[in-house]
Every structure is written in structure tokens, then in C-alpha cells.
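Quick notes on the structure that follows.
The values are calculated or read from the model by the stated rules, or taken from the named source; none is laboratory data. Because the structure is predicted, anything quoted here is derived from the model rather than measured. All Cβ positions, even for glycine, are placed from backbone atoms using ideal geometry, and neighbour counts span all protein chains on display.
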Amino acid sequence: MAQYFEVHPQNPQPRLLKQAVALLQQGGVLAVPTDSSYALACHLDDKSAADRLRRIRELDEKYHLTLLCRDLSELASYARVDNRQYRLLKAATPGAYTFILEATREVPRRVSHPTRKTIGLRVPDHHVLQELLAAHGAPLLSTTLIAPGETESINDAQEIRQRFERQLAGVVDAGACPAQPTSVIDLTPMGTGGDAQVVREGRGDLAALGL
């Protein structure tokens, strides 16, 4: 049965975040709020937790999972970033964007794309999630919380609890999230002199980045 953490959206209780982090460190998968929608999240270095996350969503190994990072310095530990890419990332973070970048050796092979060696990364603009990431002290592996066979994300924490309580270790309820996915931008072409490519237009404002 999933533990339920009802936290204040602006001043999340440290005691509850600490309990949620303990579940992550024990290999649990959590439902967490983001600046785009609720997401599933787990410890990056726990293979069984990552496998469980994929099973909940019914995703195969070719599906890009995303690393939730606290800031650009943390992101740069897991992706190769040149000066052009960094300038765009700096303008866009934190925010509702997911960036596809070349993965470094710090990223476990099971997490990066099996043929392209790329990884999706983002720095979310959500206070509770930022506090959770700080308490955890490392990025979290994540994917949008969409039920198998459905196309829309679930943004009501009570509904998440009811539908997934036997599959999740916990639900962090910080109120409703925007029901719109992130904008996904592939930055890998920039590494060879090309331009960033928009893979999906979502909540993140592309015009603000000149895209």
C-alpha cells in the first residue's frame, strides 16, 4: 500500500520529504508533482526500481526515461554539454522542458537509449520537487504518470493513490499540476554544428528559446 504524503506546495514539511526519500532509497517508486504533470520517480542507480517503473507504465527499454536534476551543474554530470548547448539550457532552466543530450559514462547503460546513447534530462520548476531532489541529494529517474492504454497524464493525487496504491511505494501530494507535458528538445545536433530540434511542443515556451 502506498504511503501518502500531503505536503504544503510552498513550504513542504521536511519530515515528510525525509520519509519519502527513505522510500526512494529503499527501492520504491513514487508519484511526485512536477511543473508539467505528476510523474513516476525512482532512484537512478536501482535497477529493480527502474524495472518496476517501466512495468507500471508498460514501457519497453527503447523508451526514453528522464533524469530530474536540481540544476545545470548536476545535469552536466550526466550529459555532454558544449557552450552552445549550455547557453540554451541556461535560458530554459528551470522550466517545463526535457532535453535530449549525449549521455556521459555516469549514466547507467540501462537508462540511456540503447542505440543512440542519449538521455533525457530536465530541471523542473516546481518547489516541492526541488526540495525533494535536494533531500535526496541526487537526480531521480522519471517518466510522466500516464496509465497504460491512456494518453493523458493523471494530475489528481487522490486518483493516483486509488489507482496505483498497490504498485507505488508512495504518493507526494502537493496539489494539482498542469495537465500538459513538457516540451521535448533534442540538443544532440548542436554538438555537430546543427540546430536544436523540437521533438514535442508542450508546456515549455519554445518562442522564448528562439525555437
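Do you know which residues across region 81-110 are in contact with a Ser or Thr (Cβ under 8 Å, 6 or more places away or on another chain), over 16 Å from V123 (Cα atoms) and in a loop (DSSP other than H, G, I, E, B)? Result: T104, E106. Apart from one condition, T118 fits all of (1) within 18 Å of S37 (Cβ to Cβ); (2) surrounded by 15 or more Cβ atoms within 10 Å (Cβ to Cβ); (3) hydroxyl-bearing (S, T, Y); (4) over 14 Å from the mean Cα position of the chain (by Cα); the exception is (1).
If you go through region 51-80 and pick out every residue that is part of a helix (DSSP H, G or I), surrounded by fewer than 22 Cβ atoms within 10 Å (Cβ to Cβ) and not charged (D, E, K, R), you end up with 3. The set of residues from region 175-210 being within 12 Å of T98 (Cβ to Cβ) and aliphatic (A, V, I, L, M) comprises V184, I185, L187, V198, V199. Do we find a residue being surrounded by fewer than 22 Cβ atoms within 10 Å (Cβ to Cβ) and within 21 Å of T143 (Cβ to Cβ) anywhere in region 29-44? There is no residue in region 29-44 that is surrounded by fewer than 22 Cβ atoms within 10 Å (Cβ to Cβ) and within 21 Å of T143 (Cβ to Cβ). With respect to (1) of a type outside the set (K, R); (2) over 11 Å from the mean Cα position of the chain (by Cα); (3) farther than 23 Å from S48 by Cα, the lone exception for V171 is condition (3). For region 81-92, the condition holds for no residue, the condition being that it is touching a helix residue (DSSP H, G or I) at 6+ places or on another chain (Cβ under 9 Å), surrounded by 20 or more Cβ atoms within 10 Å (Cβ to Cβ) and of a type in the set (S, T, Y). For region 141-190, the set of residues classified as surrounded by fewer than 18 Cβ atoms within 10 Å (Cβ to Cβ) and among the small types (G, A, S) consists of A147, G149, G175, A176, A179, listed by residue number.
Within region 1-36, being part of a loop (DSSP other than H, G, I, E, B), more than 15 Å from E165 (Cα to Cα) and in contact with a Leu (Cβ under 7 Å, 6 or more places away or on another chain) holds for V7, P33, T34.
Within region 156-167, does at least one residue satisfy the condition of being of a type outside the set (K, R), farther than 18 Å from R52 by Cβ, within 15 Å of the chain's Cα centre (by Cα) and assigned to a loop (DSSP other than H, G, I, E, B)? No, region 156-167 contains no residue that is of a type outside the set (K, R), farther than 18 Å from R52 by Cβ, within 15 Å of the chain's Cα centre (by Cα) and assigned to a loop (DSSP other than H, G, I, E, B). Of the residues making up region 168-211, those that are over 25 Å from P33 (Cβ atoms) and in a loop (DSSP other than H, G, I, E, B) are L187, G193, G194, D195, A196, G210, L211.
Let's see how each residue does on (1) at pLDDT below 90; (2) under 23 Å from G28 (Cβ atoms); (3) not β-branched (V, I, T):
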position: E61; (1), (2), (3): yes, yes, yes
position: L72; (1), (2), (3): no, no, yes
position: R87; (1), (2), (3): no, no, yes
position: A91; (1), (2), (3): no, no, yes
position: L101; (1), (2), (3): no, no, yes
position: H113; (1), (2), (3): yes, no, yes
position: R116; (1), (2), (3): yes, no, yes
